[in-house]
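Reading through the structure tokens given below for one structure.
Throughout, read-outs are computed from the coordinates displayed, never taken from laboratory work. These figures come from a predicted structure and were not determined experimentally. In this analysis, Cβ positions are derived from the backbone assuming ideal geometry, glycine residues included, and neighbour counts consider all displayed protein chains.
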Amino acid sequence: MSVKPFLKWVGGKRQLLDKISPLIPADYQRYIEPFAGGGAVFFSLSCQLQRTKTPAWLNDINPELINAYCMVRDAPQALLEDLKTHIYDKDYFLAIRGLDRTPDGLASLSPLKRASRFIYLNRTAFNGLYRVNARGQFNVPFGRYKNPLIADIRTILACSAALQNVQLGCASFTEILCKAGAGDFVYLDPPYIPLNDTSYFTSYSHDGFGIAEQQALAGMIAEMAARGARFIASNAYVPAVAELYDGFKIIEVKATRAINADKNGRQAISEALITNLL
Ligand SMILES: C[S@@+](CC[C@H](N)C(=O)[O-])C[C@H]1O[C@@H](n2cnc3c(N)ncnc32)[C@H](O)[C@@H]1O
């Protein structure tokens, strides 16, 4: 049985699970995701991880995201109570969104209130996007939905159960991958190499993720593989990926992605799964 993620996340891997899951080894001593995002692959594996008592380590550079994971894991009931107080209304949305523009920013909110704001915005902002400006302020517009489910009790409780005993971290991938080695299975879903300048959404954090980060990532993946870690990495299916991951198996898979504001931006594109498992 697969647990549904509690967030919608751009680049989420739910629709590729049927391609990724069959490649995942049956046994390993630790599961690691350095770019967790919505955690679709982790949640799909969570029942098996719990049954086999396999430790898991989820990481993402986004502190609001990781704070939300912590609250879902540690305080699901209180979080749900707070989520129930939100309303789906444009002026209310703008007021909640604007909390990071106050003098103290989000620091004036408790971790629980911050997680509640984050999940509320995820449910009600346009396309469930997460985007911040150069000052780190969330700037996605109000989304038009019929009746968005803000306090999704069943999903939050299932995710909370799945996250028990999971180690959560908020660091750059470099700090995680240097600790991976023999016995680990690592699934990596970084921001992708752009297909061209405009068609790909790459600003997950205001730091960006450019070719220097892609090169550092490929280098660290090769090092952890040499130490005995097994891995699957997602990326765009472009020539630069073949160059960066020379020596590893690269599988082409098709995904439908909605990345542009206009409705024609939804199209089937090729993605790459890079692995040392085959
Ligand atoms: C494509 S998303 C992951 C999607 C996820 N697999 C899912 O199913 O929803 C990429 C993630 O990488 C994170 N990220 C960006 N730069 C990072 C870095 N240097 N270190 C760690 N995480 C990073 C972003 O915050 C974002 O959540």
For the Cα atoms of the chain, what angle does the longest principal axis make with the long axis of helix 153-163, in degrees from 0 to 90, nearest 10?
40 degrees
For labels at Lys53 and Arg144 in the simple 7 Å Cα→Cβ model, what's the distance in nm?
5.4 nm
Summarise the long-distance tail of P(r) for the chain by giving the % of C-alpha pairs beyond 33 Å.
20 percent
Stretchable slack from Lys4 to Ala134, in nm (0.36 nm times residue separation minus alpha-carbon distance):
43.6 nm
Distance (nanometres) between label positions extended 7 Å along Cα→Cβ at Lys84 and Leu17
2.8 nm
Long pairs among Lys13/Lys90; Lys90/Lys146; Lys8/Lys113; Lys84/Lys113; Lys113/Lys146; Lys179/Lys254, criterion Cα-Cα beyond 21 Å
Lys13/Lys90; Lys113/Lys146; Lys179/Lys254
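Given a Förster distance of 25 angstrom, what is the FRET efficiency for Tyr92 paired with Arg266, based on the Cβ-Cβ distance and rounded to 0.05?
Numbers: r = 29 Å, r/R0 = 1.15.
Efficiency for this residue pair is about 0.30.
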Taking 8 Å as the Cα distance limit and 6 or more residues as the minimum spacing, I'd like the relative contact order of the chain as a percentage.
22 percent
Packing-ranked peptide list from 98-107, 27-36, 213-222, highest mean Cβ count within 10 angstrom first, is 27-36, 213-222, 98-107
In vacuum, with every alpha carbon of the range 72-155 counted as one equal point scatterer, what does the Debye formula give for log10 I(q)/I(0) at q = 0.12 Å⁻¹? Two decimals, please.
-0.33
Amide H contacts under 5 Å for Ala236, restricted to residues at least 5 apart in sequence or on another chain and with H modeled in the peptide plane, are Ile193, Ala272
Built amide H within the under 5 Å cut-off of Ala125, gap 5+
Gly143
